[in-house]
Amino acid sequence: MIQQHVCSTPCGDIRGVAAAAPGVTAFKGIRYAAAGRWEYPKQVTHWEGVYDASRFGPNAMQDAAFTPEDQNGRSPFYYHEFREGLDYSYSEDCQYLNIWAPDNAEKAPVIVYIHGGAFLSGSGWDKAFDEPAWPRKGVIGVTLNYRLGLFGYACLPELAAEAGHTGNYGLYDQLCALQWVHDNIAAFGGDPDNITVMGQSAGAHSVQMLCSTRAAQGLIAKAVMSSGAGDDSVLFAGDWVMEHKYPFWTAWKEATGASTLAQLRALPPQALLGAVGKQFATQGFGTVMANMGPVWDTALFPDEGFTLPIPYLAGGNTQDMKPEMTADALRWCQKQPADSYAWCFARQLPGDDKGAWHSADLWYWFGTLTNSWRPFNDGDRALSGAMVSYLTHFAASGNPNGAGLPVWETARHSGQVLRLDVPAPAMAGLGKEAKANVFGW
């Protein structure tokens with residue numbers, strides 16, 4: 001139980017701050033690991049004195065550290081939606097997590113959220129993630145930062161020779177954060193044996209990878225994947241083996257002008273990011289993006305075909321990044337041995353004509369509509385309330401259903417998805433809208 005926003009953890013005492021919701025404490029910027037550039041993380045197990053958890057930690061190093069999002073020439077849509085006005089800092093030293101916990105929690109379910117951003121950008125404290133509604137339902141919420149882009153996923157033979165494998169530095173950060181939460185969350189009133197890992201977009205791909213390694217056994221009890229579940233190309237494809245990434249990253253290294261690892265590690269981050277910019281210019285967007293993200297290394301993934309046999313909740317949006325995201329999620333849920341549930345988020349968000357765009361569902365899952373500029377109405381608030389209830393029920397028991405909610409049938413038995421829309425969610429087949437709409441703006 002948290003007393004005066006202070007609790008004693010295995011690492012030492014920590015002091016948080018009062019959250020917006022009464023009876024909830026926020027612990028921000030908790031260092032869960034440390035690592036040098038292209039080193040695998042070492043979990044934090046001790047600190048001296050009382051840890052000050054009153055401020056968010058720095059975001060992972062990314063382009064926005066040097067070129068503000070509203071000045072980089074790309075669409076400012078996501079910046080305006082999620083990050084405008086926030087005072088971010090950026091660092092390669094970014095292994096920090098945030099906890100929102102009810103003060104009287106005892107063996108509470110836990111949701112650990114992994115943000116998206118194409119493995120190149122993003123933050124664990126965008127506006128949609130700040131002050132999640134989950135603790136009001138008795139569930140502890142955790143968000144985290146992890147290494148991105150070249151700092152999180154570079155694959156070089158020299159690095160493999162040094163550590164025995166290469167790549168996945170960001171994925172190992174996520175795994176280390178889960179281990180830290182497992183080892184420490186009881187001090188915050190959480191149940192270390194009831195951790196749900198949740199992610200969206202690149203975060204959902206990360207969740208799928210984490211659920212595909214035996215290293216996560218005992219750390220993950222349930223999983224939620226939004227707009228990124230069940231894409232088989234994430235798994236088992238030959239191009240995902242770390243050695244297949246070497247030509248791209250060797251060319252990138254040459255573009256930096258460095259000839260040794262020591263020289264590469266000594267370069268400032270802006271120079272390293274600039275070399276990726278050259279890769280975009282010379283090799284094209286598709287090639288660069290195909291080499292940014294998790295790989296099948298020889299350590300975390302020694303074999304193929306393994307998936308944690310746990311309950312899954314997965315879905316996509318009607319105007320998503322790719323038209324098949326909902327269908328992929330349904331197929332993923334149908335083939336799981338445990339009861340799993342698929343959704344299609346269809347609410348056309350008020351305020352513009354973008355519809356149910358990629359990431360639009362996050363406001364509703366987190367219950368943070370008041371953080372948005374959009375003119376949400378009573379229907380939106382009711383939908384968000386239902387989605388928060390489904391999610392927290394799922395985190396508690398593996399079944400999203402509860403009193404007062406429309407029944408959400410399992411994917412395997414129904415062959416359908418729960419259509420999340422106003423005036424109320426309802427089971428539905430995959431119609432033309434869910435299959436064919438694309439992210440066309």
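The values are calculated or read from the model by the stated rules, or taken from the named source; none is laboratory data. Everything quoted here is computed from the prediction, not taken from an experiment. Cβ coordinates were reconstructed from backbone atoms using ideal geometry, including for glycine residues, and neighbour counts include every protein chain displayed. Remember, those area values only see protein heavy atoms, side chains included, never the ligands or the DNA or RNA. Shrake-Rupley method; radii C 1.70, N 1.55, O 1.52, S 1.80 Å.
Here are the numbers for this structure:
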read-out	value
Lys107, Lys335, Lys322, ranked by accessible area, largest first (probe 1.4 Å)	Lys107, Lys335, Lys322
Beta bridges by DSSP in the chain, antiparallel share as percent, to the nearest 5	40 percent
Cβ-defined net charge surrounding Phe82, 12 Å radius [Lys, Arg +1; Asp, Glu -1]	-2
Surface accessible to a 1.4 Å probe, per residue, for the residues of the chain, Å²	37 Å²
For the chain, calculated [θ]222 nm from helices alone, where every DSSP H run of n ≥ 4 adds -39500 (n - 2.57)	-7500 deg cm²/dmol
Region 1-41-region 286-350 distance, computed between alpha-carbon centres (Å)	30 Å
Thr326 accessible area, 1.4 Å probe, all protein chains in place, Å² to nearest 10	0 Å²
Extension gain from Glu84 to Thr250, taking 0.36 nm per residue of separation minus the Cα-Cα distance	56.2 nm
FRET efficiency for Lys354 and Ser91, using Cβ-Cβ distance with R0 set to 35 Å, rounded to 0.05	0.60
Contour excess over end-to-end distance, with Cα ends at Thr287 and Gln43 and 0.36 nm allotted per residue	84.5 nm
Accessible surface ranking that places the most exposed of Arg147, Arg412 first, with a 1.4 angstrom probe	Arg412, Arg147
Contour minus Cα-Cα distance for Glu158 and Val50 (0.36 nm per residue)	34.9 nm
Surface share of carbon and sulfur [accessible, 1.4 angstrom probe, percent] for the chain	53 percent
Net charge of Cβ neighbours under 13 Å - reference Asn399; Lys, Arg +1; Asp, Glu -1	-1
Accessible-area value, Thr260, 1.4 Å probe, nucleic acids and ligands omitted, Å²	60 Å²
